[in-house]
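Below you'll find the structure, written out as structure tokens, and then a few comments.
The values are calculated or read from the model by the stated rules, or taken from the named source; none is laboratory data. A quick note: this is a predicted structure, and the numbers were derived from the prediction, not measured. Here Cβ is always computed from backbone atoms with ideal geometry, including for glycine, and neighbour counts include all displayed protein chains.
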Amino acid sequence: MNPGKNKIINSDFIENSIVEVNSDDNVHFEATIISQSFENKSLIERHKMVYASLGDKMKQEIHALAITALTPDEKET
């Protein structure tokens, strides 16, 4: 998984998202995803959406992932 390519988060699962991915070692990642799709979703539901978008990458390419999933309104505050 290349942190320079934010395509790891499949937009079919998280529409109209802004994604930033960082990693120091290409195994442990931090992802910030901003999407209106998270509106009225719990933290667990948001994380499930992100994991669904990753598919098999969580089994092979990614050892650890820290997720920050926000709506555009939450990002502004």
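Annotations for the structure displayed:
- Residue count for the range 25-46, restricted to those that are more than 21 Å from residue 76 (Cβ to Cβ) and surrounded by 15 or more Cβ atoms within 10 Å (Cβ to Cβ): 1
- The range 45-75 - residue that is in contact with a Ser or Thr (Cβ under 9 Å, 6 or more places away or on another chain) and over 19 Å from residue 24 (Cα atoms) and, of those, modelled with the lowest pLDDT: 53
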